[in-house]
Amino acid sequence: MINYNELLPVILIGFVCSIIANLDLFKKQFSDTEGQSNLKLFAVDFIRNFIFTTIFAVFLFYLCGSFTENYQLKLGIVGVISILGIEKALELVEKIMNLRR
């Protein structure tokens, strides 16, 4: 059974990741004189990134549910992978594992 209250933080993670992904475009929008056309471009890119990042985060959330029941652990894994990307997240885990040795 799907509990939609569990997905609210995942949607928030998708929102934050969309802001981070479009931060450079956001800076260009305020430095340009063509504000209206850049604002439309920013809005379209932001919505597209928000939708795809949230879908990816929800998929990861339910994928993590297959091997752990800890809610905070699932949110942490989803947040790190969504913000950093898979390659950088794996590098971070590898560095942490090397520090433990």
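The values are calculated or read from the model by the stated rules, or taken from the named source; none is laboratory data. What you see is a predicted model; the values in this text were computed from it and never measured. As a convention, Cβ positions derive from the backbone with ideal geometry for all residues, glycine included, and neighbour counts pool all protein chains shown. For the accessible areas, the whole protein counts, side chains as well, though only heavy atoms, and no ligand, DNA or RNA atoms are used. Shrake-Rupley method; radii C 1.70, N 1.55, O 1.52, S 1.80 Å.
Residue by residue, here is whether (1) basic (Lys, Arg); (2) at pLDDT below 85; (3) under 17 Å from the mean Cα position of the chain (by Cα) holds:
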{"position": "8", "(1), (2), (3)": "no, no, yes"}
{"position": "12", "(1), (2), (3)": "no, no, yes"}
{"position": "22", "(1), (2), (3)": "no, yes, yes"}
{"position": "35", "(1), (2), (3)": "no, yes, no"}
{"position": "38", "(1), (2), (3)": "no, yes, no"}
{"position": "93", "(1), (2), (3)": "no, yes, no"}
{"position": "96", "(1), (2), (3)": "no, yes, no"}
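Just to be sure, is residue 92 touching a helix residue (DSSP H, G or I) at 6+ places or on another chain (Cβ under 8 Å), more than 20 Å from residue 19 (Cβ to Cβ) and either open to solvent by 30 Å² or more (accessible area, probe 1.4 Å) or not aromatic (Phe, Trp, Tyr) (or both)? The answer is yes for residue 92.
Inside the stretch 48-70, residues that are open to solvent by 60 Å² or more (accessible area, probe 1.4 Å), more than 14 Å from residue 14 (Cα to Cα) and assigned to a helix (DSSP H, G or I) make up a count of 2.
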